[in-house]
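Chemist: I have a structure here, written as structure tokens, and I will follow up with some questions on it.
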């Protein structure tokens, strides 16, 4: 088993399920509707919906960086605004995020182990290599899974 296979598997588990820590992003979202997703039960916190869009944005950045692009996000791209709060828009946001996430998993799984220690394009810190970034996206998704779990409880 290659290291990139292990990394891709951890990224998949954090988002889709069978994660060691508990519920994945999709498991947490299984019973969330548009009203709950758009709610702001905690003052000054992002909504579940905004967090989902943020996860998709960073999954896309990591995919692009793995492909050699020095990708960055503007503030508006980092936490995109939710403009349509319909149930259909919520379902589309989930589907789009799933597609983006699957692209990330494919990119990581296809990445050569021999390149994991290489510097990520656009990053100047000497520790910011592909291994660091790929393991970091797992941490990112699990961090936001915790936020989603708390927001769900607070919205009840």
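None of the figures in this text is laboratory data; all of them are computed from the coordinates on show. None of these values were measured; they are calculated from a predicted model. Here the Cβ positions follow ideal geometry from the backbone for every residue, glycine too, while neighbour counts run over all protein chains shown.
Chemist: Do the conditions hold for residue 12, that is, is it in a helix (DSSP H, G or I), surrounded by 13 or more Cβ atoms within 10 Å (Cβ to Cβ), more than 14 Å from the chain's Cα centre (by Cα) and in contact (Cβ under 8 Å) with a residue 24 or more places away in the chain?
Modeler: In short, no.
Chemist: Still on this structure: Which residues, counting only those in segment 85-115, are farther than 14 Å from residue 9 by Cα and within 20 Å of the chain's Cα centre (by Cα)?
Modeler: Of everything in segment 85-115, those that are farther than 14 Å from residue 9 by Cα and within 20 Å of the chain's Cα centre (by Cα) turn out to be 89, 90, 91, 92, 93, 94, 95, 96, 97, 98, 99, 100.
Chemist: Here's something else I'd like to know. With the requirement that a residue be surrounded by 13 or more Cβ atoms within 10 Å (Cβ to Cβ) and either at positive phi or without any contact (Cβ under 8 Å) to a residue 40 or more places away in the chain (or both), what does segment 45-70 give you?
Modeler: 50, 57, 61, 64
Residues are listed down the side, and each one gets a yes or a no for (1) surrounded by fewer than 19 Cβ atoms within 10 Å (Cβ to Cβ); (2) outside any helix (DSSP H, G or I):
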position	(1), (2)
85	yes, yes
96	yes, no
127	yes, yes
140	yes, no
148	no, no
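Chemist: Going through 7, 73, 29 one at a time, which residue ends up being under 24 Å from residue 156 (Cα atoms), under 15 Å from the mean Cα position of the chain (by Cα) and in contact (Cβ under 8 Å) with a residue 12 or more places away in the chain?
Modeler: 29
Chemist: Taking segment 108-125 as the search range and keeping residues that are in contact (Cβ under 8 Å) with a residue 60 or more places away in the chain and either in contact with a strand residue (DSSP E or B) (Cβ under 7 Å, 6 or more places away or on another chain) or part of a helix (DSSP H, G or I) (or both), which one is surrounded by the most Cβ atoms within 10 Å (Cβ to Cβ)?
Modeler: Here the answer is 108.
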